[in-house]
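Trainee: Below you will find the structure I want to go over with you.
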Amino acid sequence: MYLAACGSLIALIFLCLAWELRLAPVQPGGSWLALKCLPLLAPLFGILNGRRYSYQWASMLILLYFTEGVVRATTETGMAQTLAIAETVLALIFFGATVTFARLTRPSASRPGGTLPTVADSRRD
């Protein structure tokens, strides 16, 4: 889940930049809409370091990108529509990975000493 979250987040950052600056910008020559990738940089280091809290709040942030992807996939045509579908898919991968990671690493009240569960422990749930 860690690799899926890291890979999809980094890919989404690059997709947003390439989309709005080069591939299919709203205005020829690029647009300020490329700044939409800045909120994705906020959880990047927490995701890369495996911080559970970053995974939790980033899973809510990514829903904005999922929404934008769905809206633009249904209203745009050509290359912009393809990029919007890619954004939607990357957002879904990231969301699924972050929710799964947060679930697998949740502290359990029944564990002595507050230890974190392992992947093997989650199979028993």
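Trainee: If you check every pair at least six apart or on different chains, which have Cβ atoms under 6 Å apart with a residue in the stretch 48-62 that is farther than 16 Å from Leu3 by Cβ and without any contact (Cβ under 8 Å) to a residue 60 or more places away in the chain first and a residue that is of a type in the set (Ser, Thr, Tyr) and part of a helix (DSSP H, G or I) second?
Mentor: If the second residue must be of a type in the set (Ser, Thr, Tyr) and part of a helix (DSSP H, G or I), the pairs left are Ser59/Thr98.
Trainee: So, one more: Among the residues of the stretch 77-97, what is the count of those that are touching a residue at least 24 places away in the same chain (Cβ under 8 Å) and not small (Gly, Ala, Ser)?
Mentor: Residues of the stretch 77-97 touching a residue at least 24 places away in the same chain (Cβ under 8 Å): 78-80, 83, 86-87, 90-97.
Imposing the further condition that a residue be not small (Gly, Ala, Ser) reduces the set to 79, 83, 87, 90, 92-95.
So the count comes out to 8.
Trainee: Let me ask something else about it. Return yes when Ser54 is at pLDDT 95 or above, part of a helix (DSSP H, G or I), of a type in the set (S, T, N, Q) and surrounded by 16 or more Cβ atoms within 10 Å (Cβ to Cβ) and no when it is not. It would help to see each step written out before you state the result.
Mentor: Values: at pLDDT 95 or above: no; part of a helix (DSSP H, G or I): yes; of a type in the set (S, T, N, Q): yes; surrounded by 16 or more Cβ atoms within 10 Å (Cβ to Cβ): yes.
Answer is no for this residue.
Trainee: Right, next: Could you identify the single residue in Leu64, Leu35, Leu83, Leu17 that is exposed (fewer than 14 other Cβ atoms within 10 Å of the Cβ), of a type outside the set (S, T, N, Q) and over 23 Å from Phe101 (Cα atoms)?
Mentor: Details: Leu64 fails: over 23 Å from Phe101 (Cα atoms); Leu83 fails: exposed (fewer than 14 other Cβ atoms within 10 Å of the Cβ); Leu17 fails: exposed (fewer than 14 other Cβ atoms within 10 Å of the Cβ).
Just one listed residue meets the conditions, Leu35.
Trainee: What pairs come out if I take residues in the stretch 2-18 that are in contact (Cβ under 8 Å) with a residue 40 or more places away in the chain and pair them with residues that are among the β-branched types (Val, Ile, Thr) whose C-beta lies under 7 Å away, six or more apart or interchain?
Mentor: From residues that are in contact (Cβ under 8 Å) with a residue 40 or more places away in the chain, the pairs are Ala4/Ile93; Ala5/Ile47; Ala5/Thr98; Cys6/Ile47; Ser8/Ile93; Leu9/Ile47.
The values are calculated or read from the model by the stated rules, or taken from the named source; none is laboratory data. As the structure is a computational prediction, the values presented were derived from the model and not from experiment. With ideal geometry, Cβ positions are generated from the backbone for all residues, glycine too; neighbour counts draw on all protein chains shown.
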